[in-house]
1. Sort 384-395, 101-112 by the packing proxy (mean of other Cβ within 10 Å over each peptide's residues), most packed first.
2. Could you list 128, 260 so that the one with the fewest beta carbons within 10 Å of its beta carbon is first and the one with the most is last?
3. Pairwise over distinct Cα atoms, reciprocal of the mean inverse distance: report the Kirkwood radius of the range 171-280 in Å, one decimal place.
4. Mind ranking 81-89, 241-249 by how tightly packed they are, going by the mean number of other C-beta atoms within 10 angstrom, highest first?
5. Given the chain, what percent of its DSSP beta bridges are antiparallel, to the nearest 5?
6. Give me P(r) over the range 272-320, computed from all C-alpha to C-alpha distances, binned every 5 Å, as integer percentages.
7. Distance from the Cα centre of the range 158-227 to that of the range 28-84, in angstrom?
8. Can you give the % of DSSP beta bridges in the range 56-285 that are antiparallel, to the nearest 5?
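What follows draws every value from the coordinates through simple rules; no lab data is involved. Because the structure is a prediction, the values reported are computed rather than measured. Virtual Cβ from ideal backbone geometry, glycine too; neighbours counted across all protein chains shown.
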Ligand SMILES: *Cc1c(COP(=O)(O)O)cnc(C)c1O
């Protein structure tokens, strides 16, 4: 069933105040309307979240925490932040929460600062194995400030090899074990990770930026009880506006170091408009419908993966059990960039991505990463996922066979049919 837009977003002032920016936003609205968004870290925030975000709360400085601010006039800010905290605690079953990190990277920066001194040893998943920049990439603060020992996945199965990880942890004896990913299509055994961390007295931090919405909707195991600290974003599967989040099961141990690592350690004033939007996001995720959404995201990813494999494509690890998948382009003789650019032309947004043990350059890797969160928010189901899988497979076959424009035009028609049947959850007048 196609959902029809129920809300119309309007520009009462912007059109005349700043027509240039207003027009660019309209252009982006048209792009989002008419493309299949398959980047697994993207989603569609609700109109309610957008409204909370675009408010005069951005006028207020509220450095500090509820009841302990450095500025006057924070009564309402205290209520907004407290509400966001309470909802996040309830949603994830965590005793400690900090809703102030501006984004996922800032949440991670604060957690490193709370747990490690510069130069301390940290283990995190290598970027090429599916880890995130903030898990120790040399180009990132994490790789510059700390002594990073990256772990890989098994070369054959492309899965995390917990025995190998255990041995590496015994050798390295890290201060912190970073768990979590941006491009790993499977579940993680959090209890096993905790055993490994405990055996070398490391602090286990799980970064659930990608899968927080699946955890909130009971479609993926929760890392909260097994991890010492958990970080997240709100804009990915959790379907909020852009933002970061830190959680911990043990309030007593973690409140002081984590609160002070966020403010004044790594940030100034909190983005109160963004915190209000987080509160709305957590409120939405607490509703029973969100469980249906999270379940559909996983079911849809599985259906898309199944069709891609039926069409002869190789998916890393042989499939998915979360919201994302990686296609290995090497058997087709293609490279990621070329596919990403051609996909843009046929109305499919995806990103080129390294696959495990990729020998190609980071700028033009051998894989593409696809996901279901955004198209699921539009109301698409397993039937549409099969059609999307066919569009992607047809595109890859056309590119591999060096076949011409007519073929790409035909795919564009099919993606347009889908986006027209399943519009964004809002119109823009
Ligand atoms: C997306 C992501 C982040 C960073 O989030 P930003 O909001 O872009 O800073 C951190 N960790 C992981 C694992 C991610 O996937």
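1. Values: 384-395: 20.9, 101-112: 24.9.
Going from most to least packed, we get 101-112, 384-395.
2. Fewest to most other Cβ atoms nearby, the residues stand as 260, 128.
3. So the Kirkwood estimate lands at 15.0 Å.
4. Values: 81-89: 20.6, 241-249: 24.3.
Top of the packing list down: 241-249, 81-89.
5. Looking only at bridges with both residues in the chain, the antiparallel portion is about 50 percent.
6. With a bin width of 5 Å, the distribution comes to 5, 19, 16, 13, 11, 11, 11, 10, 4, 1.
7. Taking the Cα centre of the range 28-84 as reference, the centre of the range 158-227 is 29 Å away.
8. 40
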